[in-house]
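The values are calculated or read from the model by the stated rules, or taken from the named source; none is laboratory data. In this text the structure is predicted, and so the values were computed from the model without any measurement. In this analysis, Cβ positions are derived from the backbone assuming ideal geometry, glycine residues included, and neighbour counts consider all displayed protein chains. What goes into the accessible areas is simple: the full protein's heavy atoms, side chains included, and nothing from ligands, DNA or RNA. Shrake-Rupley method; radii C 1.70, N 1.55, O 1.52, S 1.80 Å.
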Amino acid sequence: QVQLVESGGGSVQPGGSLRLSCVASGSIFKLYIMGWYRQAPGKQRELVATITSGGNTNHAASVKGRFTISRDNAKNTVYLQMNSLKPEDTAVYYCNLKSIQFDYWGQGTQVSVSS
């Protein structure tokens, strides 16, 4: 069983930056993929970025070059550094961990980008 706790959301102006954190606790499988998803009101949840247990990353085209996913294994934490934020980035951001059998989600953290 895994618990995921997100933090770092907030309200910023276009062009600003935020760093989201996701702290994992409990039993972590050796092989897993973690990702950040986001969901705006009335829209489907979409994948933002992923990182494997081996450190390989992938970022959605809409955030490529602006967002960076990373991890700190010693702290059981995954980060999403968000730079050059745009209004269309406004959403609730969710941390996700996928193992062989289970799919875990954090509670979500709000990111709002507006002038």
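Look at the range 90-111 and say how many of its residues are at pLDDT below 95, open to solvent by 40 Å² or more (accessible area, probe 1.4 Å) and either touching a helix residue (DSSP H, G or I) at 6+ places or on another chain (Cβ under 6 Å) or polar (S, T, N, Q) (or both).
Here the count works out to 1.
From (1) among the polar types (S, T, N, Q); (2) over 21 Å from A24 (Cα atoms); (3) crowded, with 17+ Cβ neighbours inside 10 Å, pick out the condition that doesn't hold for S114.
In the conditions (1) among the polar types (S, T, N, Q); (2) over 21 Å from A24 (Cα atoms); (3) crowded, with 17+ Cβ neighbours inside 10 Å, S114 misses (3) alone.
For S21, all conditions in the list (1) part of a strand (DSSP E or B); (2) free of Cβ contacts under 8 Å to residues at least 12 places away in the same chain; (3) not β-branched (V, I, T) hold save one; what is the number of the exception?
(2)
I need the full set of residues from the range 57-75 which are at pLDDT below 95 and farther than 23 Å from G10 by Cβ, in order please.
Of everything in the range 57-75, those that are at pLDDT below 95 and farther than 23 Å from G10 by Cβ turn out to be N73, A74.
When the residues of the range 1-23 are narrowed to those that are more than 17 Å from V48 (Cα to Cα) and of a type outside the set (A, V, I, L, M, F, W, C), which ends up most open to solvent (accessible area, probe 1.4 Å)?
Here the residue is Q1.
Being small (G, A, S), in a loop (DSSP other than H, G, I, E, B) and closer than 18 Å to E46 by Cβ is the filter here, so list the residues in the range 66-115 that pass it.
Correct list: G106, G108.
Could you tell me which residue of the range 76-89 is surrounded by the most Cβ atoms within 10 Å (Cβ to Cβ), considering only residues that are under 29 Å from G15 (Cβ atoms) and more than 13 Å from the chain's Cα centre (by Cα)?
L85
Test each condition in (1) farther than 19 Å from V92 by Cα; (2) in a strand (DSSP E or B) for M34 and report the one that comes out false.
With (1) farther than 19 Å from V92 by Cα; (2) in a strand (DSSP E or B) applied to M34, the lone miss is (1).
Quick check: anything in the range 51-65 open to solvent by 80 Å² or more (accessible area, probe 1.4 Å), over 11 Å from C22 (Cβ atoms) and either part of a helix (DSSP H, G or I) or among the basic types (K, R) (or both)?
yes
Mind listing whichever residues of the range 27-50 are open to solvent by 70 Å² or more (accessible area, probe 1.4 Å), of a type in the set (G, A, S) and within 18 Å of V113 (Cβ to Cβ)?
Within the range 27-50, G42 is the sole residue that qualifies.
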